[in-house]
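Colleague: Would you mind keeping the following structure in view while I ask a few things?
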Amino acid sequence: MSTTDDTPARTDVDQRLLGGGTYRSLGEQQLSPAEERFERGRRTIGLFLAPLVTLVFLALPLDIPAGQQVLAGVLLGVIALWVTEPVPIPVGGLIGVSLIVVLGVAPASDVLAPFGSSTVFTFIGAFILAQAMLKHGLARRFAFRVLSLPGVGRSTPRVIIAFGVITCLLSAFVSNTATVAMLLPTALGILSVIAKLMQDRGLVAAAFDPTRLRVGAALMLMLAYGASVGGLLTPVGTPPNLIGRGLIEEATGRRIPFAQWTAVAAPICVAMFVVLALVLLLLNKPEIRRIEGVEQYVAAERAELGPFTRAQRNTLIAFVVTVALWILPGIVALVAGAESAAYETVSNRLNEGIVAVLGASLLFLLPTDWRSREFTLSWSDAARIDWGTILLFGTGIIFGALLAKTGLAETIGRGSAGAMGLTGTFAITAFAVALAIVISETTSNTASAAVVVPIIIPIAVAAGIDPLVPALAATFAASFGFMLPVSTPQNAVVYGSGVVPITTMIRSGVSFDILGGILILLLLPLMVAAVGLGG
């Protein structure tokens, strides 16, 4: 055999990142022998562990309704499937949903209804927009623009931190899901630039897998987790904020103004961001730190891009229209107030899922060659989006809805509080934070806030303490839950890039869950007192 035949084919970085998916079999990955043994063992264990966990839990003599026990047992088995991956992660969720119906927890029509959630349509529309941005090179233009900011492109930590700051600031006024969806193509573009630079300089093998770079995992997780941190900054940053604030006002009669909320949240968000950057950079240490010559490289690449093509202009129009409509409710809230009729009308009508679908539809209406009836995106292009992530998060929404509907979440909350005999403000606040994070790991942040805050308020009142701090802590903590792809829509979006292995997400997510929860517990009471919110 010739030397040429023995040389591994050079990886096409753009194609590999564009074709990324949520799940790849062992044969589709480039693993070392040790990694392959670990992966094979993890997935084999899961085949037996998942049914065993479910059967053992169903056999326990628990004093709770049968439907709640069955739901809990199935959910535990599904979590085991998600963590160990004996089957593709989306399939694990579908198995659980099927068992819920077969075992009689709820009828199929009720169980499957949450698949119509607006979040699912946000994914579909945003993924189609991202596909167009990647296909036509618009994401690459955005990536070079970020890397060309003064001083940013000199090191990978600076790139990751700068991108996180952009994400945090945007998510304070745009929904977390929308923020991550709009920035994902740029993040992939930045990763592509870094990966090609490493490839050109011989820092990686010619046939390396760019989806397995630690710098890529750190960048993607910064995108997902940074949006959750920034979403805490304003009452309109994320739905749990509005839900928690409304429940607190209803229970205590005290309204939390926009400015006071931001004053309380700002120092907490800054501290969280610092901790987040440290966690991600320590646990996912980039393969290279200094990127010497990247400024010249970026300048040369930007010059080669030339003027915008027709397809790029059309994609930019669709993107700008979508982002403008996503941002508009936040602007109305700033001008007219989050309690105004104008904000309520605009936010209801400009639902983020509907906006995403409308924006994506423009790609099929804006022509690139009218004579040939060619448009910016074809359906075959759109069909390549990661439907697995959409199925995965759909099943997560189903389990979240069932946790609330069957009363299992309330049973867990009240049972835990009673068993621990909570009395003081610190103890109840700590319980509120822990419960909200645990619940949000397997259900949406919105559902977590809607379930946990109403549990915490009566517990605090019964203990004779002011419920404001524990309830507000539960509201903040509901935006956590970083361990699994189904924990938040943001996690699901970045997981769909194929760049973040489930084990990496679990390790990084657990660390930030714990440290972020501690920050809420320690800083929130201090800020509430400093701002005078508790008076």
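Colleague: What do you reckon, is Phe482 within 16 Å of Phe393 (Cα to Cα), aromatic (Phe, Trp, Tyr) and either open to solvent by less than 10 Å² (accessible area, probe 1.4 Å) or in contact with a Cys (Cβ under 7 Å, 6 or more places away or on another chain) (or both)?
Modeller: yes
Colleague: Out of Val159, Val174, report the one residue that is assigned to a loop (DSSP other than H, G, I, E, B) and either buried (at least 24 other Cβ atoms within 10 Å of the Cβ) or on the phi < 0 side of the Ramachandran plot (or both).
Modeller: Within the list Val159, Val174, the selection yields Val174.
Colleague: Taking the condition farther than 30 Å from Phe115 by Cβ and among the β-branched types (Val, Ile, Thr), does Val433 pass?
Modeller: When the stated conditions are applied, Val433 passes them.
Colleague: Go through the range 350-404 and give me each residue that's at pLDDT 85 or above, within 20 Å of the chain's Cα centre (by Cα) and open to solvent by 50 Å² or more (accessible area, probe 1.4 Å).
Modeller: Ile354, Val357 - these are the residues of the range 350-404 that are at pLDDT 85 or above, within 20 Å of the chain's Cα centre (by Cα) and open to solvent by 50 Å² or more (accessible area, probe 1.4 Å).
Colleague: Filter the range 89-120 for residues that are among the polar types (S, T, N, Q) and part of a helix (DSSP H, G or I); which is surrounded by the most Cβ atoms within 10 Å (Cβ to Cβ)?
Modeller: So, considering only residues that are among the polar types (S, T, N, Q) and part of a helix (DSSP H, G or I), the one surrounded by the most Cβ atoms within 10 Å (Cβ to Cβ) is Thr119.
Colleague: Filter the helices (runs of 4 or more DSSP H) completely within the range 304-384 down to those with at least 2 residues that are touching a Ser or Thr at 6+ places or on another chain (Cβ under 9 Å).
Modeller: Correct list: 310-336, 352-362.
Colleague: What residue, among those in the range 38-63 that are of a type in the set (A, V, I, L, M) and touching a Leu at 6+ places or on another chain (Cβ under 8 Å), is most open to solvent (accessible area, probe 1.4 Å)?
Modeller: Val53
Colleague: Has the range 315-330 got at least one residue that is small (Gly, Ala, Ser), touching a His at 6+ places or on another chain (Cβ under 6 Å) and under 30 Å from Arg373 (Cα atoms)? First the steps, then the outcome.
Modeller: Residues of the range 315-330 that are small (Gly, Ala, Ser), as a first pass: 318, 324, 330.
In the following step, the residues that additionally are touching a His at 6+ places or on another chain (Cβ under 6 Å) were identified as none.
No: the range 315-330 contains no residue that is small (Gly, Ala, Ser), touching a His at 6+ places or on another chain (Cβ under 6 Å) and under 30 Å from Arg373 (Cα atoms).
Colleague: Can you report the number of residues in the range 194-227 which are among the β-branched types (Val, Ile, Thr), at pLDDT 80 or above and in contact with an Asp or Glu (Cβ under 8 Å, 6 or more places away or on another chain)?
Modeller: Looking only at that region, the number is 1.
Colleague: To continue, here is another question. Only one of (1) more than 19 Å from Leu519 (Cα to Cα); (2) assigned to a helix (DSSP H, G or I) is not met by Ala266, so which one is it?
Modeller: (1)
Colleague: Out of the range 85-115, which residues are touching a Lys or Arg at 6+ places or on another chain (Cβ under 8 Å) and closer than 20 Å to Gly496 by Cβ?
Modeller: Of everything in the range 85-115, just one residue is touching a Lys or Arg at 6+ places or on another chain (Cβ under 8 Å) and closer than 20 Å to Gly496 by Cβ, namely Glu85.
Colleague: If you don't mind, there's one more thing I want to ask. How many of the residues making up the range 472-496 are modelled with pLDDT under 90 and outside any loop (DSSP other than H, G, I, E, B)?
Modeller: Total meeting the criteria: 7.
Colleague: Also, quick follow-up: Which of the residues spanning the range 48-92 are β-branched (Val, Ile, Thr) and within 20 Å of Pro485 (Cβ to Cβ)?
Modeller: Initially, the range 48-92 is screened for residues β-branched (Val, Ile, Thr), giving 53-54, 56, 64, 70, 74, 78-79, 83-84, 87, 89, 91.
Of everything in the range 48-92, those that are β-branched (Val, Ile, Thr) and within 20 Å of Pro485 (Cβ to Cβ) turn out to be Val53, Val74, Val78, Ile79, Val83, Thr84, Val87, Ile89, Val91.
Colleague: Restricting attention to the range 214-234, which residues are surrounded by fewer than 22 Cβ atoms within 10 Å (Cβ to Cβ) and outside any helix (DSSP H, G or I)?
Modeller: Those that are surrounded by fewer than 22 Cβ atoms within 10 Å (Cβ to Cβ) and outside any helix (DSSP H, G or I): none in the range 214-234.
Colleague: Looking at Ile465, Ile439, which one is open to solvent by 20 Å² or more (accessible area, probe 1.4 Å), in contact (Cβ under 8 Å) with a residue 24 or more places away in the chain and more than 25 Å from Met182 (Cα to Cα)?
Modeller: Ile465
Colleague: In addition: Would you mind stating whether Ala126 is surrounded by 18 or more Cβ atoms within 10 Å (Cβ to Cβ), within 28 Å of Thr309 (Cα to Cα) and hydrophobic (A, V, I, L, M, F, W, C)?
Modeller: Spelling it out, Ala126 is indeed surrounded by 18 or more Cβ atoms within 10 Å (Cβ to Cβ), within 28 Å of Thr309 (Cα to Cα) and hydrophobic (A, V, I, L, M, F, W, C).
Colleague: Would you pick out the residues in the range 87-137 that are of a type in the set (S, T, N, Q) and in contact with an Asp or Glu (Cβ under 9 Å, 6 or more places away or on another chain)?
Modeller: At the first step, the residues of the range 87-137 found to be of a type in the set (S, T, N, Q) are 98, 109, 117-119, 122, 131.
Listed by number, the residues that qualify are Ser118, Thr119, Thr122, Gln131.
Colleague: Another one. Among the residues of the range 497-513 satisfying the criterion of being within 12 Å of the chain's Cα centre (by Cα) and in a helix (DSSP H, G or I), which is nearest to Gly226 (Cα to Cα)?
Modeller: The residue in question is Gly509.
Colleague: Now, a different point. I'd like the full set of residues that are at pLDDT 85 or above and basic (Lys, Arg), limited to the range 147-176.
Modeller: Across the range 147-176, the qualifying residue is only Arg158.
The values are calculated or read from the model by the stated rules, or taken from the named source; none is laboratory data. Treat the numbers as computed from the prediction; the structure is a model and nothing was measured. Heads up, the Cβs are rebuilt from the backbone with ideal geometry, glycines too, and the neighbour counts pull from every protein chain shown. Quick note on the areas: whole protein, heavy atoms, side chains included, nothing else; ligands and nucleic acids left out. Shrake-Rupley method; radii C 1.70, N 1.55, O 1.52, S 1.80 Å.
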